[in-house]
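J.: Sharing a structure, written as C-alpha cells. Questions coming.
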Amino acid sequence: MTAKTKTSSKPRSTRRAASSTRRPVRAISHRRAPMDAIQLLKSDHAKVDALFKQYEKARAPQKEKLVQTICQELKVHTQIEEEIFYPALRSAATQRDDAGDLLDEASVEHNSAKQLISELEAGSPGDELFDAKVKVLGEYIRHHVKEEHRDIFPLARKRLDVKALGAQLAQRKTELMETMDSGVAIGGKGLLKSLGDRLSPSALHH
Ligand SMILES: [Fe+2]
Ligand SMILES: [Fe+2]
C-alpha cells in the first residue's frame, strides 16, 4: 500500500517512462493465490449463477452451449463436494454441529439437481419444457447454494483446514474438467462416478 502511495506522487509522464523500462507489475500473479475450499466453492457458485442469468437472456443458438456449460460445471462441482468436501466435514464435525442432517439434505438436493441435469443433457433447447427445466434447475441451485453459504460453509471454516482442502478440491476439479473436455462432454455420469472412487478426503483438523 505504501509503495503505491510513493509511486503515485511522481508526475504521470515520469511514471509511464519508468514503467516502460521495467518488467510489468506482477499484479496478476498475486491475485492467483490458491483459493481455500470455501472460496473455490463460492467461486463455482458465482460462475454458475452468472450462467443461469445469461441463459435467461440468451437466444436459441446460444442456449445449447450455455446449458452444456451449466451442466458440466454443476456435475464437477457436486462431484467434488460429494467426494471430498462433504465427507471431510462429516468426519470433522462434532455431534452438536448437526452436520449429518445438513449434509444429508444437501446430498438429496444434489440428487434432485442431477435428475434435471440428465434430462437437460438428453434434450435440446427446442424441446417442450426445456426452458422450464433450466429455470427450475436454477431455482434448485440457488436454494441449495443459499443453505451451503448459511449453514455448511461457516461450519466448515470452524472444523476443517480449508486451505489444504482447497488444494485437494482444485486438483480434483482440474482432473474432472480435463476428463470431460477430452471427450465426455455431456452424459459422463458413469465415468465421473468411477473417477470419483479414487480420492479420499484427508484434509481434516486432528
Ligand atoms: Fe452442493
Ligand atoms: Fe456448492
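The values are calculated or read from the model by the stated rules, or taken from the named source; none is laboratory data. This is a predicted model, so every value here is computed, not measured. Because the Cβ atoms are built from the backbone with ideal geometry, glycine has one as well, and the counts that use them run over all protein chains shown.
J.: Are any residues in region 78-115 under 23 Å from the mean Cα position of the chain (by Cα) and either charged (D, E, K, R) or farther than 21 Å from Ile152 by Cβ (or both), and if so, which ones?
T.: Within region 78-115, the first condition is being under 23 Å from the mean Cα position of the chain (by Cα), and the residues that meet it are 78-93, 99-115.
Result: Glu81, Glu82, Glu83, Arg90, Asp101, Asp104, Glu105, Glu109, Lys114, Gln115.
J.: Given the conditions (1) closer than 16 Å to Leu51 by Cα; (2) surrounded by 14 or more Cβ atoms within 10 Å (Cβ to Cβ), and given that Ala132 satisfies all but one, which numbered condition is not satisfied?
T.: (2)
J.: Looking at the structure I just gave you, is Ile80 at pLDDT 95 or above and within 12 Å of ligand 2 (Cβ to nearest atom)?
T.: Against the criterion (at pLDDT 95 or above and within 12 Å of ligand 2 (Cβ to nearest atom)), Ile80 qualifies.
J.: Follow-up question, since we're still on this one. So, in region 153-168, how many residues would count as being farther than 13 Å from His45 by Cα, assigned to a helix (DSSP H, G or I) and within 15 Å of ligand 2 (Cβ to nearest atom)?
T.: Number of matching residues: 7.
J.: For region 78-85, indicate whether the set of residues that are within 25 Å of Ala132 (Cα to Cα) and more than 15 Å from ligand 1 (Cβ to nearest atom) is non-empty.
T.: Keep residues of region 78-85 that are within 25 Å of Ala132 (Cα to Cα), which gives 78-79.
Keeping just the survivors that are more than 15 Å from ligand 1 (Cβ to nearest atom) gives none.
No, that holds for no residue.
J.: Out of curiosity, is Val76 of a type in the set (Val, Ile, Thr) and either surrounded by fewer than 14 Cβ atoms within 10 Å (Cβ to Cβ) or closer than 14 Å to Phe52 by Cα (or both)?
T.: So Val76 does not fit the description; no.
J.: Would you mind finding the one in Glu73, Glu64 that is among the acidic types (Asp, Glu), at pLDDT 95 or above and more than 16 Å from ligand 1 (Cβ to nearest atom)? Before the answer, list the steps.
T.: Values: Glu73 fails: more than 16 Å from ligand 1 (Cβ to nearest atom).
Among Glu73, Glu64, only Glu64 is among the acidic types (Asp, Glu), at pLDDT 95 or above and more than 16 Å from ligand 1 (Cβ to nearest atom).
J.: Return the only residue of Ala88, Ala113, Ala92 being under 25 Å from Gln171 (Cβ atoms), among the aliphatic types (A, V, I, L, M) and within 11 Å of ligand 1 (Cβ to nearest atom). If you could, list the steps in order and put the result at the bottom.
T.: On the way: Ala88 fails: within 11 Å of ligand 1 (Cβ to nearest atom); Ala92 fails: within 11 Å of ligand 1 (Cβ to nearest atom).
Answer to the check: Ala113.
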